[in-house]
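I have placed the structure first, in the form of structure tokens, so that the comments after it can refer back to it.
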Amino acid sequence: MIDRKKFKKRYCKYCEAKIDYVDYKDLNQLKFSLSERFKIMPRRLTGNCKRHQESVTIAIKRARQTALIPYIVDRKNVVDSPFEMIR
Ligand SMILES: [Zn+2]
């Protein structure tokens, strides 16, 4: 229960923001579903609906191919908020 405190509210953030199509260029949308090491968060933790999780997965994989998101994060580079690194 303590471990799940961060993900207590379980709702689809993309449905709430009324995002139809998740764009791979928009990192602000993708970061809801990325961990601090840029892994794709599973649906059981984020609470995304199935439709949005699938489109997010495709978008993140596309963003990796276009080098917007790194595939691997070294242990040295892991910081508290990795998205500052991108900006
Ligand atoms: Zn949704």
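Some notes on this structure:
- Net charge, VAL56 excluded, C-beta distance under 12 Å - Lys, Arg +1, Asp, Glu -1: +4
- Stretchable slack from ARG51 to TYR21, in nm (0.36 nm times residue separation minus alpha-carbon distance): 9.8 nm
- Mean Cα-pair separation over length for region 21-74, i.e. relative contact order, pairs under 8 Å, 6 or more apart, %: 40
Values quoted throughout were computed directly from the atomic coordinates according to the rules given, and no laboratory measurement underlies them. This one's a predicted model, so the numbers in the text were calculated from it and none came from an experiment. Don't worry about glycine lacking a Cβ; one is built from the backbone with ideal geometry, like all the others, and counts go over all protein chains shown.
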